[in-house]
1. What accessible area, in Å² to the nearest ten, does a 1.4 Å probe give for Arg76?
2. Putting +1 on Lys and Arg Cβ atoms and -1 on Asp and Glu Cβ atoms, find which of Thr47, Leu148, Ala170 reaches farthest to the positive end of the dipole of the chain.
3. Treat every Asp and Glu Cβ in the chain as -1 and every Lys and Arg Cβ as +1, leave all other atoms uncharged, and give the resulting dipole magnitude about the Cα centre to the nearest 20 debye.
4. Once neighbouring chains are kept in place and the probe is 1.4 Å, which whole percent of the accessible area of the range 4-145 is contributed by carbon and sulfur?
5. If the chain between Arg119 and Val61 were fully stretched, how many nm would it gain, using 0.36 nm times the residue separation less the Cα-Cα distance?
6. For the residue pair Lys139 and Ser40, what label-to-label distance in nm results when each label sits 7 Å from Cα along the Cα-to-beta-carbon direction?
7. How big is the accessible area of Thr168 in square angstrom, nearest 10, if you roll a 1.4 angstrom probe over the protein chains?
8. How large are Rg and Dmax for the range 57-162 when only the alpha carbon atoms are used, in Å?
Amino acid sequence: ALSGVPLVIDGERRAAILCAHPDPRFFTRAHAALLRRISSFASQALTTLALSMQTRLLNAVIDGSSSGFAVADAHRPEKPLIFVNKAFEELTGYSADEVLGQNCRLLSAEPSDSEERSRLRKTVERNGSGRFLLRNVRKSGEPFWNELPLFPVRNADGVTEYLVATQTDASDRVAANEERERAREQEVIAQLASGIAH
């Protein structure tokens, strides 16, 4: 006799539990009901294990990332931070204990009327996504340019639960661009001066 039930993991039949017995008439309805209960428990345990492994992997990736990660609670009007990784702490000089529960604007050195800050504010208000380049300041008072991609994390119903921002120090890139722009301006001025002299 052979009796079996599927194991459903993440809504899909991925495996099965099979029971065999030498007596062809051994299995009863009670055995089948017990097997279904065992299958349900096993499916839950395997789903939990898979989620636990995925969570450990994601935690390791985020903790090991060279980019700062900041997660805000999208349900609350102030969008307080509920998680930051080690790279965020190194980038900003603030410990997690100092920033959790606060809005990320504590880092801002961007003028309140700047176009970029206004664009960020509107995106955060509507729980949207975007990429921003902002003037920020570390806890030490040292300014830096922050490249900040922002994106929402939604639940199964499509409701935004969290806003996630990754943060990278873009100061060297901004300085290099500014230097190139200054060199171009000087070249144009030199060409104009040369034309006037002739």
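1. About 130 Å², rounded to the nearest 10.
2. Projecting each Cα onto the dipole axis, the largest value belongs to Thr47.
3. 1160 debye
4. So the carbon and sulfur contribution to the accessible surface is 55 percent.
5. 17.9 nm
6. 5.0 nm
7. Approximately 60 Å² for this residue.
8. Cα radius of gyration and Dmax of the range 57-162 are 13.7, 42 Å respectively.
The values are calculated or read from the model by the stated rules, or taken from the named source; none is laboratory data. The shown structure was predicted, so the numbers you read here are calculated from the model rather than taken from an experiment. Cβ atoms come from the backbone with ideal geometry, glycine included; neighbour counts cover every protein chain shown. Side chains included, ligands, DNA and RNA excluded: accessible areas come from the protein's heavy atoms. Shrake-Rupley method; radii C 1.70, N 1.55, O 1.52, S 1.80 Å.
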